[in-house]
Amino acid sequence: MREELVALAKLAEMDDSARDIDAELKQIPAQLEELRASVQMLESMLAQERDQLAEAEALKAQQSAELKERNEGLQRARKKVAQSANLREANAAEREVEANRRSIKEREDELKRIGDTIEAKTASLAEREKDFEEAKGVLQTQEESSKARVAELDEKRGVLLIGREELVEKVPKNVVKRYERLRTGLPNAVIIISDGTCTACRMALPPQLHIELQRANELHQCPHCRRIIIHKSVVED
Ligand SMILES: [Zn+2]
């Protein structure tokens, strides 16, 4: 088992040397994803603002048409007042004039409110458009620089891991499997120890285990943190 453990220690050392690169390679797409999500959010907010503005414009058109109608109604009612043949007709026509006037006043107030809304929405829409364009620009720049960085990291990683396959072949498959599983959750999945203490979790190892580690007849894991432990003397021989 000694040779296999030596190969495993080398493999772990190699993987550790690429650990920062692996972390960055994982981080880059996550950051890009976050940025894309915020661009998308700005885009949907922009669409919402546009919808609200269109709604306000439609309402304005509707109110303007009604105002025009009411103005025409007022003209007609005034004519009726002038042409009324008796008091009853004159009173009825006057009431029509009043109703149209009230309605005109209401439409005008409403149009004023809509006008204010449109003005505010137009201003905030311009802000949103600016934010959106800016965020898109940042995303694009980030995508380009990330691409370059990933290529750079891939190359570095490739160099660091030269000979990894050969090492993997020297380690029993079940051990490689256990090692791979351990290192997904633990930094330094393989620990080289020189005394009776696990250097990762700082717990004392049972004396019997310490002796067995120096014999290097089988694979051992720290009973506390589960890391694979190899004695320094095994690697150094
Ligand atoms: Zn430990």
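The values are calculated or read from the model by the stated rules, or taken from the named source; none is laboratory data. Remember, predicted model here, so these are calculated numbers, not experimental data. Neighbour counts run over all protein chains shown; Cβ positions are idealised from the backbone, glycine included. Areas reflect the complete protein model, heavy atoms only, side chains present, ligands, DNA and RNA absent. Shrake-Rupley method; radii C 1.70, N 1.55, O 1.52, S 1.80 Å.
Ignoring everything except DSSP H segments at least 4 long, calculate the 222 nm mean residue ellipticity for the chain; use -39,500 (n - 2.57) per segment, divide by total residues, nearest 500.
-28500 deg cm²/dmol
Listed values for the range 29-37 are Karplus-derived 3J(HN,Hα) couplings in whole Hz (6.51 cos²θ - 1.76 cosθ + 1.60, θ = phi - 60°), namely x, 5, 5, 4, 4, 4, 5, 4, 5, and x replaces Gly and Pro. Counting only Cβ charges, +1 for Lys and Arg and -1 for Asp and Glu, the dipole size of the range 101-185 around its Cα centre is about 600 debye. A cut-off of 5 Å between modelled amide H atoms, ignoring neighbours fewer than 5 places along the same chain, links residue 197 with 205.
Surface composition of the chain: carbon and sulfur atoms hold 51% of the protein heavy-atom accessible area at a 1.4 Å probe.
Go through 190, 145, 65 and say which Cα lies farthest out towards the positive end of the charge dipole of the chain; charges sit on Cβ, +1 for Lys and Arg, -1 for Asp and Glu. Result: 65, furthest along the dipole toward the positive end. Across 107, 78, 215, the residue with the most accessible area heads the list, and the full order at a 1.4 Å probe is 215, 78, 107. A 1.4 Å probe over all protein chains sorts 184, 199, 141 by accessible area into 184, 141, 199, starting with the largest. Couplings 3J(HN,Hα) of the range 221-231, computed from phi: 10, 4, x, 9, 9, 6, 5, 6, 10, 10, 7 Hz, in residue order, whole Hz [Karplus 6.51 cos²θ - 1.76 cosθ + 1.60, θ = phi - 60°; x for Gly and Pro].
Summed over the residues of the range 126-237 and divided among them, the accessible surface reaches 64 Å² per residue at a probe radius of 1.4 Å. Estimated translational diffusion coefficient (Stokes-Einstein, Kirkwood radius over Cα pairs, 25 °C, 0.890 mPa s) of the chain: 96 µm² per second.
Note that the range 170-181 has calculated 3J(HN,Hα) couplings of 7, 9, x, 4, 5, 6, 4, 4, 5, 4, 4, 5 Hz, one per residue in order, obtained from phi through the Karplus relation 6.51 cos²θ - 1.76 cosθ + 1.60 (θ = phi - 60°); glycine and proline are x. Within the shell of other residues whose beta carbon sits under 10 angstrom from the beta carbon of residue 194, the net charge comes to -1, with Lys and Arg scored +1 and Asp and Glu -1. Backbone amide hydrogens, once placed in the peptide plane, bring residue 229 within less than 5 Å of 191, 220, 221, 222, excluding anything fewer than 5 places away on its chain. The listed residues 232, 177, 121, once ranked by accessible area (1.4 Å probe) with the largest placed first, stand as 177, 232, 121.
Which entries in 170/232; 68/105; 60/136; 60/121; 79/112 show an alpha-carbon gap greater than 22 Å?
On the way: 170/232 19 Å; 68/105 12 Å; 60/136 33 Å; 60/121 14 Å; 79/112 29 Å.
Violating the 22 Å limit, Cα to Cα: 60/136; 79/112.
Distance between the 7 Å Cα→Cβ label points at residue 186 and residue 40: 3.7 nm. Note on the range 52-207: with charges restricted to the Cβ of Lys and Arg (+1) and Asp and Glu (-1), its dipole about the Cα centre is near 500 debye. Taking the C-alpha atoms only, the angle from helix 2-17 to the longest principal axis of the chain is near 30 degrees.
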